[in-house]
Amino acid sequence: MQTIAVPYDFSEYAEAALDFAVQVSKKSQAKIKLIHVIEYPLATTFNVTGEIESDDPMDKIFTLELIKKTNEKLNTILSQFENTVAIDKVVLMGNAYDGITDQLEEIKADLIVMGTKGATGLKELLVGSNTEKIVRNADCPVLAIHEKCDIGTIKNVVFPSDLDGTHSKVLDTFKYYQELFDAKIHLVWVDTPHNSVNADLAKERLEILAQKNDLKNYEVHISKAFHPEEGILTFGWQIKADMIAMSTHSHKGLIHLLVGSVAEDVVNHSKVPVWTCTIK
């Protein structure tokens with residue numbers, strides 16, 4: 001792992017994400033790129049050369065001052081990690097999600113660590129969070145952080161599988177993080193009323209998945225629930241899991257509206273860090 005991207009908005013959730021990214025950086029020697037997007041309501045743009053396009057002189061002065069103050073605040077934050085990790089920043093203006101995704105494409109991050117407070121109710125249905133959208137679209141693993149977490153406490157990780165074999169590549173990718181955290185993987189299949197696989201066969205398939213990926217330090221489990229996300233979260237609570245790791249199908253457009261995403265639901269409602277990676 002070479003580069004960790006951290007979208008940052010000065011919130012407590014973003015602080016938790018940066019804190020965790022620094023811990024990962026110290027163990028992996030990866031550099032951190034802090035991304036801050038100033039969401040500005042007026043028709044003003046800030047490009048990478050630092051030029052401001054505006055017909056109103058006062059608007060231009062205000063924007064330049066806003067950029068200056070933002071850089072000063074970020075420099076103060078970065079100074080805390082001087083001589084401990086390799087970290088730098090980029091400041092953009094515009095839509096937060098668009099700015100973050102543009103930067104992610106440019107820096108080719110190996111991991112994205114994002115703070116999130118989740119989303120519930122109507123907001124979850126209609127809008128969701130920036131973290132949720134990045135989980136759906138990112139080309140690299142995303143680690144969603146809800147509160148400050150000591151990397152040394154991550155010892156039990158839930159990894160759900162639907163037994164169809166599509167999770168194998170993602171599980172193999174997570175082995176790097178398992179070693180980084182020195183954690184046990186709990187492979188779990190959620191038995192819902194819509195499934196036709198019995199528990200013994202499910203455990204057998206989980207064992208095959210583990211052996212295929214040469215897993216060490218793991219257990220296999222069955223969790224019963226009406227919905228997959230419910231089973232994942234409940235099982236994680238039962239074993240006092242420190243993290244959930246799972247794959248996402250990255251559905252977009254109409255199919256996403258119709259079938260949703262178990263991974264995004266888990267990110268929205270989990271109290272522990274959630275690591276996700278697209279099967280694509």
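All of the numbers you see were taken from the coordinates with simple rules; none came from a lab. All of these numbers come straight from a predicted model, not from anything done at the bench. All Cβ positions, even for glycine, are placed from backbone atoms using ideal geometry, and neighbour counts span all protein chains on display.
Key figures for this structure:
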quantity: Scope segment 70-86; condition surrounded by 10 or more Cβ atoms within 10 Å (Cβ to Cβ) and not in a helix (DSSP H, G or I); matching residues; calculated: GLN80, PHE81, THR84, VAL85, ALA86
quantity: Members of segment 190-238 that are more than 14 Å from LEU163 (Cα to Cα), of a type outside the set (D, E, K, R) and in a helix (DSSP H, G or I); calculated: GLY231, ILE232, LEU233, THR234, PHE235, GLY236, TRP237, GLN238
